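First the structure, in the form of structure tokens, and then the observations on it.
The values are calculated or read from the model by the stated rules, or taken from the named source; none is laboratory data. Just so it is clear, the model here is predicted, and its values are computed rather than measured. Note: ideal-geometry Cβ built from the backbone for every residue, glycine included; neighbour counts use all protein chains shown.
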Amino acid sequence: MMVLHLITGLSDGGAEAVLYRLCTHDAENRHVVVSMMDEGKYGPLLRAAGVAVHCLGMPRGRVTVRGLWRLWRLLRAERPTVVQTWMYHADLVGGVLARLAGVRAVCWGIHHSNLEPGKSRRATIWVARLDARLSRWVPAAIVCCAAQARDVHVRLGYAAEKFVIIPNGYDVGRFRPDAAARARLRAEWGVPDGVPLLGMVARFDPQKDHANLLAACARLQASGADFAAVLVGTGCDAGNAALVQQLAAAGLTQRVRLLGRRDDVPAVMAALDVHVLSSLGEAFPNVLAEAMACGTPCVTTDVGDAAQIVGETGWVVPPRDAAALAEGIAAALKEWRERPDEWAARRCAARERIVETFGLDRMVQAYRRVWGETVAEGRK
């Protein structure tokens, strides 16, 4: 099959990472990726892997006539067997144009589970509601990565019978324990082996609730806990005045390092002792699975399918509760310090859970199956 993917953008995000893994590990089909905006982080990576990438050049949050015309010409030129769209704006624009171009095998992709005012942009909520109205006509299937995401959208009016849940899959050969990377990065960051290292890999965004994490770390520090921490992701750097000010106000400037966006996330995950996710909203948080595949246990807020990912291998606490988050981290640090055999078993269990349940091959096969079914249905 020839699969044309339309995605809002190719920046450093979870859906973008899943798209990259899917296209570069599915050798049975030919993939073309179209970004409504620019090539972002993943455009060059996809091209380097031999995947054709096109950019429509639309501004963020705006649909242009020129961009629509470019997409229409691509659809007519490529004649895709399947159009797989990613996220609300691409679902709307790509789904409608693909159907008008005669493509019946249209699969929408949903990677969001929180559509509350104040948590999501007003325009995003508006587009999602419009998609709900069109969901009975435009897509042959709606792929989402989490059960909670499906439930949220069914309540919004999406066609329930069209949903297919495909959990995100991970390259456990790339994300794995790495003693050499651990030693190198901890030496680079000045973290001795006897000091537990916490970290969160996430862009600076209200949904990630870094303030919650910093408040929890301040509580740990006040209790006398010894630890170091790193924040990794777009916006988590010294140029972020708001974040720097939050660190100073919490008294954490000397304890928390801001590392910004990095391209060596597997090494970062392997260097951590505990990965913490403080989000107030997620669908299927990739960073938990990536950390666990590296043998790094997680403390996470109970958002999206986080609890399903972690299972019994980590700690799950309510969102927006710094005291509960601090307690979860403290429990992890206590086991790390006092019960090394249990900690070693937990690390093994975390990786084993990802290998067995969220392997990349499983995800690729599931997408192939959905695409094949929608094509077969369209031929009837």
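Observations
- One residue alone among A229, A225 is closer than 19 Å to I329 by Cβ, touching a residue at least 24 places away in the same chain (Cβ under 8 Å) and assigned to a loop (DSSP other than H, G, I, E, B), and that residue is A225.
- Matching residues in the stretch 247-264 - criterion: being outside any loop (DSSP other than H, G, I, E, B) and either closer than 20 Å to W189 by Cβ or not assigned by TED's automatic domain parsing to the domain that holds V191 (or both): L247, A248, A250, V256, R257, L258, L259, G260
- Checklist (1) without any contact (Cβ under 8 Å) to a residue 12 or more places away in the chain; (2) outside any loop (DSSP other than H, G, I, E, B); (3) under 27 Å from I165 (Cα atoms) applied to A27, failing item: (2)
- Of all the listed residues (R379, R368), the sole one being surrounded by 14 or more Cβ atoms within 10 Å (Cβ to Cβ) and of a type in the set (D, E, K, R) is R368.
- Within the stretch 236-258, if we keep just the residues that are within 22 Å of the chain's Cα centre (by Cα) and buried (at least 19 other Cβ atoms within 10 Å of the Cβ), the residue that is farthest from A17 (Cα to Cα) turns out to be L243.
- Screening A216 against (1) in contact (Cβ under 8 Å) with a residue 60 or more places away in the chain; (2) small (G, A, S); (3) farther than 16 Å from D273 by Cβ leaves a single unmet condition, (3).
- Looking at V303, V370, V364, V317, just one residue is free of Cβ contacts under 8 Å to residues at least 24 places away in the same chain and over 22 Å from A179 (Cβ atoms), and that residue is V317.
- Qualifying positions in the stretch 39-56 - outside any helix (DSSP H, G or I) and at pLDDT 95 or above: A49, G50, V51, A52, V53, H54, C55, L56
- Unique match (being outside the structural domain of Q246 (by TED's automatic domain parsing) and either closer than 26 Å to V317 by Cα or not β-branched (V, I, T) (or both)) among R184, R203, R174, R219: R174
- Candidates G9, G14, filtered to the one that is of a type outside the set (D, E, K, R) and surrounded by fewer than 22 Cβ atoms within 10 Å (Cβ to Cβ): G14
- Counted residues, the stretch 322-367 - those being of a type in the set (K, R) and under 21 Å from the mean Cα position of the chain (by Cα): 3
- Residue list for the stretch 265-302, filter: touching a Pro at 6+ places or on another chain (Cβ under 8 Å), at pLDDT below 95 and either surrounded by 24 or more Cβ atoms within 10 Å (Cβ to Cβ) or under 16 Å from V18 (Cβ atoms) (or both): F284
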